[in-house]
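Rule-based calculations on the coordinates, nothing more; no lab input. Since the model is a prediction, treat every value here as computed from it, not as a measurement. All Cβ positions, glycine included, derive from the backbone under ideal geometry; neighbour counts span all protein chains shown.
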There are 2 protein chains.
Amino acid sequence: MAQDNIKIVLVGPLYGGNIGSACRAMSNMGVSELRLVAPDASVDWDEAKKMAVHADALLAARKTFNALADAVADCIAVVGTTARRGLYRQHAKAPREWAGEIEALSGRGPVAIVFGREDSGLSNEEILQCTHLVQIPSSSQYASLNIAQAVMVMCYEMFIAQGDFEPVKEKSELASGEVRSRMYDIWREYLLETEFMSDDTADHMMAAFNRIFSRGVLTLDDANIMMGVVRQSRWARGR
Amino acid sequence: MAQDNIKIVLVGPLYGGNIGSACRAMSNMGVSELRLVAPDASVDWDEAKKMAVHADALLAARKTFNALADAVADCIAVVGTTARRGLYRQHAKAPREWAGEIEALSGRGPVAIVFGREDSGLSNEEILQCTHLVQIPSSSQYASLNIAQAVMVMCYEMFIAQGDFEPVKEKSELASGEVRSRMYDIWREYLLETEFMSDDTADHMMAAFNRIFSRGVLTLDDANIMMGVVRQSRWARGR
């Protein structure tokens, strides 16, 4: 699977909570390999494990390197993330612009997605080791994302680009045109019977009903429920 | 601004760190109002402030309510987020499917985006107060996102849908066809002069150069640098 070729690389991370949160985000999005470059000596690994929650195995299987060059030595593409705009960073693109290409590359070999230090990002020397640069769109008022949040945005975009997420499916089939017009006919008769509307106002009122029920698609179950309401109301009235 | 109409509602949050991280994510994506419904008594507000970093004013300005109905009383749309699939949740859509509609609605009035408890999500009774349901795509191996990560994904999709992010622009204009063919001509002459290639192999080799430089767009600066290399090499050889 292409997703197996995505390697998340954190350079010089300082906080265990961020490392653990990044692991959970990766796992949520089907990415499984974490590489750390020279994590700070003060990293709280218990905090990392706590924030990883069910991604603790991914955290435990992390690989650690001394320098970025070692961490990406096997990678055919190195995607650097940057919050700053400036020297060596002018050709950065938004994640969604790169996602398709990165996904395609990950079908051909390991691809690193690299995140810089919490306080200072990636150095110019590290930026120059990247084949692709990404800047996550953010507010000009507060542009700098938490590192685990940046990992989530990138992994989420890759997961969507990969396209094998199975969206929720409604169990009921959608109502056909024939069912929908039967439903409107039954309601028209009923609203005339109860004098909710008169022959004069029926077309106008039914246009409103049509509008209300056409805001989104109706399932067969939905239409049956609406027809059932009329049936039951007639029964209750007849008692 | 439509983004001002987006209200992030956290129902029964347990952890200060998550609340603070959610504030930072909101602020990164230009969303400014946090509403809490019955936060747990054990919430560590110092931890919240720490994780909010520069979004501490947003955290401090939070509004607190006793019940979801009160928190969304002024909202024309209530978007519930759910990780589970099941009863009352079958018509959920992915964030990207809803983003355009939610963005349009936020131009007409306040829109709540509602996130459930860290441990149990939203109750069925709360789901029934929602006008829209969202399920964030995630791995079937580990579907449940951290709540602050879910806030980031939703706010990020809304920010992109709003479309007023100014992407990085390269300062140099792009190289025109005329500049590019001048660059190739200069390189062809130079590679023949240095006998890197012969007249027989020139077309084949220049096709490779063309391929290498056409992987992406070249700016005028890029083309000038490549032509400068030839000029300088000739000078160095002539010395």
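Which parts of the range A:83-122 would a label at A:T64 reach, counting a residue when its backbone N lies under 18 Å from a point 7 Å out along Cα-to-Cβ?
In the range A:83-122, the label zone of A:T64 (backbone N under 18 Å from the point 7 Å along Cα→Cβ) covers A:117-118.
Compute the label-point distances linking B:D164 to its equivalents in the other copies; points lie 7 Å from Cα along Cα→Cβ; give nm, one decimal, shortest first.
Taking the point 7 Å beyond Cα along Cα→Cβ, the inter-copy spacings are 4.1 nm.
Take A:R239 and B:E173, extend 7 Å from each Cα along the Cα→Cβ direction, and tell me the distance between the two endpoints in nm.
The answer from the label model is 8.2 nm.
Rounded to the nearest 500, what is the 222 nm mean residue ellipticity of chain A from helices alone, with -39500 (n - 2.57) per DSSP H run of 4+ residues and division by all residues?
Working: 10 runs with 112 residues, N = 239.
Calculated at 222 nm, the ellipticity per residue is -14500 deg cm²/dmol.
At 7 angstrom along the Cα-to-beta-carbon line, where would the label on A:E189 sit relative to the other copies? Give the distances in nm, shortest first.
9.0
Take every DSSP beta bridge with both residues inside the protein assembly as shown and express the antiparallel ones as a percent of the total, to the nearest 5.
Details: 4 of 46 bridges.
Beta bridges within the protein assembly as shown, antiparallel portion: roughly 10 percent.
Under the Kirkwood approximation for Rh and a Cα-based Rg, what ratio Rg/Rh is obtained for the range B:106-148?
With Rh from the inverse mean 1/r over Cα pairs, Rg/Rh is 1.01.
Between A:D164 and B:A143, what is the spin-label point distance in nm, taking each point 7 Å from the Cα along the Cα→C-beta axis?
1.8
Dipole magnitude of chain A about its Cα centre, charges +1 at Lys/Arg Cβ and -1 at Asp/Glu Cβ only, in debye to the nearest 20?
Here the size comes out at about 140 debye.
Starting at 0 and stepping by 10 Å, how many percent of the alpha carbon pairs of chain A end up in each bin?
In whole percents, the pair-distance histogram is 7, 26, 22, 9, 10, 13, 10, 4, 0.
Determine, from the Cβ-Cβ distance of B:A73 and A:F196 and an R0 of 41 Å, the FRET efficiency 1/(1 + (r/R0)^6), rounded to the nearest 0.05.
0.90
Say a site is exposed when it is one of the GluC sites (Glu not before Pro), sits in a DSSP loop, and has at most 10 other Cβ atoms within 10 Å; what is then the longest site-free stretch of chain A?
For GluC sites (Glu not before Pro) (loop position, at most 10 other Cβ atoms within 10 Å), the longest site-free span of chain A is A:1-172.
What distance in nm separates the simple spin-label points at B:K93 and B:N210, each placed 7 Å from Cα in the Cβ direction?
My value for the distance between the label points is 4.6 nm.
Would you mind listing the distances between the B:E178 label point and the same position in each other copy? Use 7 Å along Cα-to-C-beta, nm, one decimal, shortest first.
6.7
What residue of chain A sits with its beta carbon nearest the rotation axis taking A to B, and at what distance in whole Å?
A:M152, 3
Among DSSP beta bridges lying fully in chain B, give the percent that are antiparallel, nearest 5.
Antiparallel: roughly 10 percent of the beta bridges in chain B.
Which helices of chain A meet both criteria: a Cα extent of 20 Å or more along the helical axis and a mean Kyte-Doolittle score no lower than -0.5, with helices taken as whole DSSP H segments?
TM-like helix candidates: A:147-162, A:199-213, A:220-238.
Label point 7 Å out from B:K50 along Cα-to-Cβ: which residues of the range A:13-38 have amide N under 13 Å?
A:15-18, by backbone N distance to the label point.
Could you sort out which of A:K93/B:K49; B:K7/B:K50; B:K7/B:K49; A:K49/B:K7 sit more than 27 Å apart by Cα distance in this structure?
The answer is A:K93/B:K49; A:K49/B:K7.
Convex hull over the alpha-carbon atoms of the protein assembly as shown: what's its volume per residue in Å³?
Roughly 210 Å³ of hull volume per residue.
Give, in nm to one decimal, the length gained when the segment between B:R108 and B:N124 is fully stretched (0.36 nm per residue of separation minus the Cα-Cα distance).
Fully extending the segment from B:R108 to B:N124 adds 3.0 nm.
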